[in-house]
1. For the subset of segment 1-29 comprising residues that are in a loop (DSSP other than H, G, I, E, B) and not small (Gly, Ala, Ser), which member is farthest from Asn76 (Cα to Cα)?
2. Please go through (1) hydrophobic (A, V, I, L, M, F, W, C); (2) surrounded by 11 or more Cβ atoms within 10 Å (Cβ to Cβ); (3) within 22 Å of the chain's Cα centre (by Cα) for Ala43 and return the number of the only condition it doesn't satisfy.
3. Within segment 35-71, which residues are in a helix (DSSP H, G or I) and within 30 Å of Leu9 (Cα to Cα)?
4. List the pairs whose first member sits in segment 82-102 and is within 30 Å of Asp18 (Cβ to Cβ), whose second member is surrounded by 10 or more Cβ atoms within 10 Å (Cβ to Cβ) and modelled with pLDDT of 70 or more, and whose Cβ atoms are under 6 Å apart, counting only residues at least 6 apart or on separate chains?
5. I'm told Ala32 meets every condition in (1) modelled with pLDDT under 85; (2) of a type outside the set (D, E, K, R); (3) in a helix (DSSP H, G or I) except one. Can you identify the failing condition by its number?
6. Loosely packed, with under 10 Cβ neighbours inside 10 Å and either under 25 Å from the mean Cα position of the chain (by Cα) or aliphatic (A, V, I, L, M) (or both): is that true of Glu14 in this structure?
Amino acid sequence: MADQLLDQLRDVVEGKIDFEGQKLAERIVNFALSLVGAIAFLAGWLLQDIKLAVYLGLVGTAAVFLIVVPPWPFFNKNPINWLPVAVVAPPVNLVIDEKMLK
């Protein structure tokens, strides 16, 4: 039973994200952090409160972190189907440096 729980936890934590999901995550991070930075700067400038600007920046960054870092299902909409591993038979009667290898 403990092995099943550990396997489920491992599946959740592993974070399977496809290449399109990585691109989407990068776009979300770039847009959201730019927006958070602009809002924090404007709020701090208009209210002349640096403490508010820093807190808004930290809260916004934490929110973006919670949106992007977990492996949400929408980050894995285009999984890649890898080719199966091919079994290659070793060559027979291989000659290396005039020595026959079997």
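1. Here the residue is Met1.
2. (3)
3. Result: Leu58, Val59, Gly60, Thr61, Ala62, Ala63, Val64, Phe65, Leu66, Ile67, Val68.
4. Partner pairs satisfying both residue conditions: none exist.
5. (1)
6. yes
The values are calculated or read from the model by the stated rules, or taken from the named source; none is laboratory data. Predicted model only: the values in this text are computed from it and were never measured. Neighbour counts run over all protein chains shown; Cβ positions are idealised from the backbone, glycine included.
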